[in-house]
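The values are calculated or read from the model by the stated rules, or taken from the named source; none is laboratory data. Just so you know, these numbers come straight off a predicted model, no measurement behind them. Here Cβ is always computed from backbone atoms with ideal geometry, including for glycine, and neighbour counts include all displayed protein chains.
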Amino acid sequence: MPTFTDAKRERVHESLRDAGREFFGRYGIDKTAISELTEAAGIGKGTFYQFYDSKEELYIDIIEQYLEEYIPRLLSNSFEAYDDPEKAIEAYLEESMDELDSNPLLRQLFLEDDVNQLLEQYSEDELIEGHERSIEFLLPYIEQWYDECEVTGPDPETIAHTLRLVTRLEFSKEHVGRDRYPAVRDTLISAVAAGITDGTDESQHTEAHHE
């Protein structure tokens with residue numbers, strides 16, 4: 001079994017991630033063989049298991065690395081770019097949907113149902129923790145707006161999960177119809193941003209905080 005220096009190990013890691021991005025983005029998890037990944041990375045099939053226990057673990061590693069790079073850019077172009085919560089929410093939804101539409105890895109993950117294959121890697125407690133982590137980067141902004149009565153909803157967590165769910169409309173183009181979809185998307189984004197930021201009043205927040 002070959003041994004690796006730290007530098008060599010990192011190069012192999014990145015080669016496997018590059019191969020995973022290419023093959024998973026094109027074919028999905030199920031139709032990608034480990035031998036295809038190792039051949040593209042220039043290592044033997046047995047060596048793969050010194051780095052990952054499964055191709056699902058590699059996929060998760062790729063997604064986590066992608067999120068570390070993407071989330072700061074998303075926030076910079078939305079919540080940090082606008083003082084007005086309505087404009088910030090609109091920008092967040094537009095940016096998120098554009099990314100889901102253009103990123104082949106994410107499209108394969110959701111459209112080809114690869115997500116269920118990945119979810120099998122986690123326990124129920126880990127899934128719950130993952131759902132909460134998925135909105136952590138939104139909460140500082142939403143909590144501030146909520147405390148300042150600039151957004152409305154049962155609580156900041158519910159608002160954050162609502163915004164995250166709205167972005168999944170990007171995977172419903174075929175149901176809506178491609179010709180009609182852009183207008184439907186724009187209408188939904190405007191309605192959600194306006195609905196969450198309109199009609200806020202301090203009494204509603206006071207009630208929520210005392211429940």
_Could you tell me how many of the residues in segment 46-103 are in contact with a helix residue (DSSP H, G or I) (Cβ under 8 Å, 6 or more places away or on another chain), closer than 20 Å to residue 133 by Cβ and of a type in the set (Val, Ile, Thr)?_
3
*What pairs come up if the first residue lies in segment 81-100 and is in the same structural domain as residue 134 (by TED's automatic domain parsing) and in contact (Cβ under 8 Å) with a residue 12 or more places away in the chain, the second is buried (at least 19 other Cβ atoms within 10 Å of the Cβ) and acidic (Asp, Glu), and their beta carbons are under 6 Å apart, counting only those six or more places apart or on different chains?*
97/170; 100/170
*Qualifying positions in segment 163-194 - touching a residue at least 12 places away in the same chain (Cβ under 8 Å) and small (Gly, Ala, Ser)*: 190, 193, 194
_Candidate set from segment 102-117 (those that are outside any loop (DSSP other than H, G, I, E, B) and more than 12 Å from the chain's Cα centre (by Cα)); member that is modelled with the highest pLDDT_ = 102
*Can you list the helices (runs of 4 or more DSSP H) found entirely within segment 1-78 that contain at least 2 residues being among the hydroxyl-bearing types (Ser, Thr, Tyr)?*
6-27, 34-41, 55-76
*Could you give every pair whose Cβ atoms fall below 9 Å, whose first residue belongs to segment 133-158 and is within 18 Å of residue 78 (Cβ to Cβ), and whose second residue is basic (Lys, Arg), counting only separations of at least 6 or pairs across chains?*
134/164; 135/164; 138/164
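If you scan segment 53-73, which residues turn out to be out of contact with any Lys or Arg (no Cβ under 9 Å at 6 or more places or on another chain) and either small (Gly, Ala, Ser) or touching a residue at least 40 places away in the same chain (Cβ under 8 Å) (or both)?
Within segment 53-73, 54, 56, 57, 59, 60, 63, 71 meet the criteria.
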*What residue, of 211, 174, 150, is of a type outside the set (A, V, I, L, M, F, W, C), at pLDDT 95 or above and either over 19 Å from the mean Cα position of the chain (by Cα) or in the same structural domain as residue 88 (by TED's automatic domain parsing) (or both)?*
150
_Among the residues that make up segment 30-49, is at least one of them over 30 Å from residue 185 (Cα atoms), aromatic (Phe, Trp, Tyr) and buried (at least 17 other Cβ atoms within 10 Å of the Cβ)?_
yes
